[in-house]
Amino acid sequence: MKEVVDIEKIHGIRVKDHALFIAVTFLFWSSQYVYSPILSSYLEQKGAGHLLIGLILGSYGITQLLIRFPLGMMSDYLSRRKLFVSLGLVMSMLSCMGLLMGDFGWILVSRLVSGVSASTWVVFTVLYSAYFASGNIAKAMSNIQFVTVAAQLLGMSASAFLVSGWGWHAPFWVALAFAMLGALLSLGIKDTERQSFKKPVGWDGLTAVVREPNLLKVSLLSTICHSTLFITIFGFTPLQAFKIGGTEEAISMLVVAFMIPHAIATFLSGRLFMKRWGSWTTLTIGFAGSAVFTLATPFIHDLGLLCLTQGINGFAQGLSFPLLLSLALRGISQEKRGTAMGFYQAFYSLGIFLGPFLAGWFNDGSDLTGGFLFSAATGLLAACLTVYWNRSDKSANAHARDSRSASAAGSG
């Protein structure tokens with residue numbers, strides 16, 4: 001309660017401001033993901049090979065790689081966030097319109113535009129973190145990540161039913177409606193930052209942000225995390241379900257099986273698991289669990305078992321996302337958070353592009369097996385890195401305590 005009162009005094013943030021921001025975030029991600037589960041299948045039934053499918057799926061990350069960092073810097077420079085939130089929803093509208101055109105060229109361009117829309121997520125996260133006291137960033141990121149996953153769950157679970165009832169274009173029309181409504185509502189959200197900063201981030205501040213060791217670590221881990229997500233449930237796992245005899249409705253079952261545990265994990269990650277195990281150990285469990293069940297995916301030939309394993313995979317992946325978001329902002333001052341978050345999200349966009357693209361390349365000669373093996377290997381690498389960095393941090397903290405003790409003894 002004290003946190004809410006403090007934020008109200010500083011920025012005038014009220015419960016209705018939280019509710020409106022959550023609603024806009026929900027519509028933003030719903031417009032991005034209501035067609036996501038059927039996109040690879042849609043492309044395949046139109047005659048696209050796995051390499052082309054991987055290119056189109058991965059193109060979503062190309063524009064994010066190029067735009068997120070400068071976009072975050074620009075939002076810091078202008079000291080405005082709301083403008084970019086509205087821009088993201090407008091770009092989502094344009095992307096949905098292009099997807100309705102139908103041919104591969106328009107679909108590729110539309111996915112690039114969709115990447116521009118997704119790039120504004122930099123500003124969503126920074127603006128929402130300002131709605132909370134500085135000590136509650138992990139809670140803020142758990143909240144917004146939970147809303148993100150809830151939107152993905154609703155959109156993706158409805159996707160196959162929309163196709164069954166109204167044809168392949170139905171999800172694109174629904175996505176367009178979500179984007180239009182979100183753009184309208186975004187005009188009313190509270191921008192806390194327009195007059196908050198005395199000056200923009202200079203060159204020295206920029207290089208200091210980019211060289212922040214913790215930011216570089218979590219950016220690399222998030223690249224692997226997003227690569228796994230876009231290879232599995234947002235990429236080739238639905239094709240595995242079709243391969244073993246699944247229908248469009250079965251894809252919705254698969255999505256629900258993945259996304260509900262995923263949502264639960266994102267909600268509890270910053271509230272429960274981080275407090276009990278610490279950030280690095282929680283990340284280790286998440287990456288290791290995801291690697292194991294991604295490795296198992298191409299060898300499963302029963303739809304029920306596939307849903308079960310993907311549920312565990314979804315939970316494991318959900319442990320990592322909010323923690324990585326909060327760690328990216330740890331120790332970063334408010335006026336530099338757009339720059340830091342822009343760098344972080346631009347970095348992990350490399351995983352959104354390269355993950356499905358390389359998986360598609362491996363899959364072309366291995367009937368889906370190669371892509372999942374590649375993803376499992378990168379997940380195992382990430383788990384090993386978290387163990388190493390956890391030990392390094394503990395060693396550094398112990399050394400610092402010993403130095404302080406020695407200094408205190410000497411002064412005594």
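General observations
- The residues in region 276-306 that are over 22 Å from the mean Cα position of the chain (by Cα) and either open to solvent by less than 30 Å² (accessible area, probe 1.4 Å) or modelled with pLDDT under 90 (or both) can be counted, and the count is 5.
- Lys199 meets all of the listed conditions (1) modelled with pLDDT of 75 or more; (2) over 20 Å from Ser129 (Cβ atoms); (3) not in a helix (DSSP H, G or I) but one, namely (1).
- The residue that is most open to solvent (accessible area, probe 1.4 Å), counting only those in region 142-155 that are of a type in the set (Gly, Ala, Ser) and at pLDDT 80 or above, is Ala150.
- Counting only residues that are in a helix (DSSP H, G or I) and either of a type in the set (Ser, Thr, Tyr) or open to solvent by 10 Å² or more (accessible area, probe 1.4 Å) (or both), region 326-337 holds 5 of them.
- For region 267-288, the count of residues that are outside any helix (DSSP H, G or I), among the hydrophobic types (A, V, I, L, M, F, W, C) and in contact with a Leu (Cβ under 9 Å, 6 or more places away or on another chain) is zero.
- Selection within region 161-175 - over 22 Å from the mean Cα position of the chain (by Cα) and crowded, with 21+ Cβ neighbours inside 10 Å: Leu162, Val163
- Within the span defined as region 176-190, every residue fails to be of a type in the set (D, E, K, R), surrounded by fewer than 18 Cβ atoms within 10 Å (Cβ to Cβ) and over 21 Å from the mean Cα position of the chain (by Cα).
- Filtered residues of region 349-359 (kept if modelled with pLDDT of 85 or more and open to solvent by less than 10 Å² (accessible area, probe 1.4 Å)): Gly351, Gly355, Pro356, Ala359
- Restricting attention to region 18-45, the residues being among the aliphatic types (A, V, I, L, M), touching a residue at least 60 places away in the same chain (Cβ under 8 Å) and within 20 Å of Lys243 (Cα to Cα) number 2.
- Evaluation of Ser75 against the conditions (1) surrounded by fewer than 24 Cβ atoms within 10 Å (Cβ to Cβ); (2) in a helix (DSSP H, G or I); (3) at pLDDT below 85 shows that the sole unmet condition is (1).
- Extreme residue, surrounded by the fewest Cβ atoms within 10 Å (Cβ to Cβ), among residues of region 362-373 that are out of contact with any Leu (no Cβ under 6 Å at 6 or more places or on another chain) and not in a loop (DSSP other than H, G, I, E, B): Thr369
- Filter result (open to solvent by less than 10 Å² (accessible area, probe 1.4 Å) and either out of contact with any Gly (no Cβ under 6 Å at 6 or more places or on another chain) or under 11 Å from Ile67 (Cα atoms) (or both)) within region 103-120: Ile107, Ser114, Gly115, Ser117, Ala118, Ser119, Thr120
- Taken together, Leu327, Leu373 contain a single residue that is under 16 Å from the mean Cα position of the chain (by Cα) and at pLDDT 85 or above, which is Leu327.
- Just one of the listed residues (Ala158, Ala138) is within 23 Å of Leu229 (Cβ to Cβ), in contact with a Gly (Cβ under 8 Å, 6 or more places away or on another chain), open to solvent by 10 Å² or more (accessible area, probe 1.4 Å) and in a helix (DSSP H, G or I), and it is Ala138.
- Matching residues in region 88-115 - criterion: being β-branched (Val, Ile, Thr) and farther than 13 Å from Gly58 by Cα: Val90
- Put simply, of Ile224, Ile244, Ile231 the only residue that is in contact with a Pro (Cβ under 8 Å, 6 or more places away or on another chain), hydrophobic (A, V, I, L, M, F, W, C) and closer than 20 Å to Ala359 by Cα is Ile231.
The values are calculated or read from the model by the stated rules, or taken from the named source; none is laboratory data. Here the structure is a predicted model, which is why all the values come from computation and not from measurement. All Cβ positions, glycine included, derive from the backbone under ideal geometry; neighbour counts span all protein chains shown. Heads up: the accessible areas ignore ligands, DNA and RNA and are worked out on the full protein's heavy atoms, side chains in. Shrake-Rupley method; radii C 1.70, N 1.55, O 1.52, S 1.80 Å.
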